[in-house]
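The values are calculated or read from the model by the stated rules, or taken from the named source; none is laboratory data. Worth saying up front: this structure is predicted, and the values here are computed from it rather than measured. Heads up, the Cβs are rebuilt from the backbone with ideal geometry, glycines too, and the neighbour counts pull from every protein chain shown. Ligands, DNA and RNA are excluded from the accessible area calculation, which covers all protein heavy atoms including side chains. Shrake-Rupley method; radii C 1.70, N 1.55, O 1.52, S 1.80 Å.
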Amino acid sequence: MTEQREASEDVVMTRIGQAVMLLHAGDREEARNRLGALWAELGEAGDPLHRCTLAHYMADTQDDPVDELVWDLRALSAAEGPAGERPAPPHGRIAVRGFRPSLHLNLAADYLKLKRYGAARDHLCRARAACDALADDAYGEGVRAAIGRLACRLEAADG
C-alpha cells in the first residue's frame, strides 16, 4: 500500500513537472490549463506538498499580479496547514516546511509589484525568520541571496 501511494505521488509530481516544462518553454496558457486541471483533481484534501508545489508554479503562470498573489497565498496556506508538516519519505523529498522561506519571499515580491510595501516588508521578515529551515546547500544559498536582492529592491522602491 505504501509503495502504491508513493507511486501515485510521483505521478502527481511528474504531471506538475510536465506543466512546468511547458511554462519554461513559454507556453504559459497550456501550463496554466494543466495545473488548473490538476488543482481541481487534488482538491482541498490533497497532499500538502503537491498543493504547495502546484500553487507555487500556478502563480508563475499568471498574467495579473493580483492573481499571482492569490496563488502564492494558496501555496503558503498548503505549507502551513495542519498537514503541512508531513515527514520526508524515504526517497528524499523534503518536508513542505523547507519551502517556507521561498514562499514568503515570493509573497514579498508579489506585494512589492503591487506597491504594498508594508506587506512586502512583513513577508521579507518572515522569509528571513524561516531561513533556519534551509540547508547549507545551493538551494538554501540561492534563497538567502534572493532575500538580500529583494531587500535592496524594496528599500529602493519604498524610499
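Here are the numbers for the structure shown:
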quantity	calculated
Gaussian network model of the chain, Cα within-10 Å springs - most flexible of ALA45, ALA133, ALA109	ALA45
Whole-percent carbon and sulfur share, accessible surface of region 19-159, 1.4 Å	53 percent
Pairwise Cα inverse-distance average, inverted: Kirkwood Rh of region 108-159 (Å)	11.2 Å
Pairwise centroid distance, computed over Cα atoms, of region 112-159 with region 13-28, Å	26 Å
Most mobile listed residue (ASP67, ASP136, ASP47) in the chain, GNM with C-alpha springs under 10 Å	ASP136
For the chain, alpha-carbon Rg over 2.2 N^0.38 Å	1.05
Dipole of the chain, positive end: most advanced residue of TRP39, ALA55, ALA133 [Cβ charges, Cα centre]	ALA133
Size of electric dipole in the chain: Cβ of Lys, Arg +1 and of Asp, Glu -1, about Cα centre, debye, nearest 20	420 debye
Farthest toward positive dipole pole in the chain [+1 Lys/Arg, -1 Asp/Glu at C-beta], among LEU73, TYR117, GLY17	TYR117
